[in-house]
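These notes concern the structure reproduced below.
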Amino acid sequence: MEIERVKDVYAVHSHFYDSIFGRLYAPGRLAAIRLMDIRPGQEILEVGVGTGVSLPHYPKHARVVGIDVSKEMLAKAEERKTSLGLSNVEVYEMDAGKMDFPDKRFDKVIAAHVISVVPEPLKVIKEMKRVCKDGGEVYILNYVNASNGVIAWFERQFSPIRKALGLGKDVDFEAIIKEAGLSIDHVEKVNVLGLCRLIKCRKAIP
Ligand SMILES: C[S@@+](CC[C@H](N)C(=O)[O-])C[C@H]1O[C@@H](n2cnc3c(N)ncnc32)[C@H](O)[C@@H]1O
């Protein structure tokens, strides 16, 4: 999807995102935040933060920065920040493919259900790596197509509809993580039927 199409799609999704995908993907987001094991004073970046469904679940002792390209999704995240008094959170309109942040700013960087909808997944993972500290962690949480069996058959039937609705494309996560120069520390299946993967990657200390 081109970035303008992403913006159009999520302007529409913003009206119903929380009631469908907010709930559907809730267990995986909580698993990701648990796995991140965030320590006091650490600074976290969530790229493609959307309506900010995960924001209340981060520990208050950490600073959390969320970015997104969709004004409409971000408006909901801002509303959530204000209504819940999340003073440890900041959200900005920014493209994850070319972020304004300096190199090595964040302790941990996460993209939840984002990499399969961005126009250039490798470019985004490289940017996530760039803004992550040496020795820091990059987390990717995403729906991953089944390779065989009944679920794979259903996915093939549903694939054109999925693309048309802007629900994302199939991505070879292992290949692009490797190409970005990150190493994979941990992978787990999360969400309904284990259809999503939570991948913890590390940025090496040179
Ligand atoms: C499926 S939603 C995921 C929202 C949230 N992370 C969650 O867990 O539900 C994908 C989000 O990624 C955002 N997005 C897509 N491409 C982006 C990009 N290049 N830079 C920043 N955000 C992007 C969309 O606007 C949308 O809010």
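Remarks
- Working from Cα pairs under 8 Å separated by at least six residues, relative contact order for the chain is 21 percent.
- Calculated FRET efficiency for the pair His61/Arg5, C-beta based, R₀ 25 Å, to 0.05: 0.05
- On the principal axes of its alpha-carbon atoms, the chain has extents of 46, 40, 30 Å, going from largest to smallest.
- Each label point was placed 7 Å from the Cα along the Cα-to-Cβ direction; for Val12 and Ala175 their separation is 2.9 nm.
- Two-site FRET efficiency, Leu24 against Ile205, from Cβ-Cβ distance with R₀ of 35 Å, rounded to 0.05: 0.40
- When each of Arg29, Arg39 is scored by the number of other beta-carbon atoms lying within 10 Å, the sequence from fewest to most is Arg39, Arg29.
- Its residue count N sets the reference 2.2 N^0.38 Å, and the alpha-carbon radius of gyration of segment 1-85 equals 1.11 times that reference.
- Amide H contacts under 5 Å for Leu45, placed H, 5+ residues apart: Val65, Lys108, Val109, Ile110
- Between Lys189 and Ser87, the contour length at 0.36 nm per residue exceeds the alpha carbon distance by 33.5 nm.
- Cα centroid separation, segment 20-35 to segment 117-148: 17 Å.
Every read-out reported here was derived from the displayed coordinates using simple, explicitly stated rules and does not represent laboratory data. This is a predicted model, so every value here is computed, not measured. Neighbour counts are summed over all protein chains in view; Cβ atoms, including those assigned to glycine, are modelled from backbone coordinates with ideal geometry.
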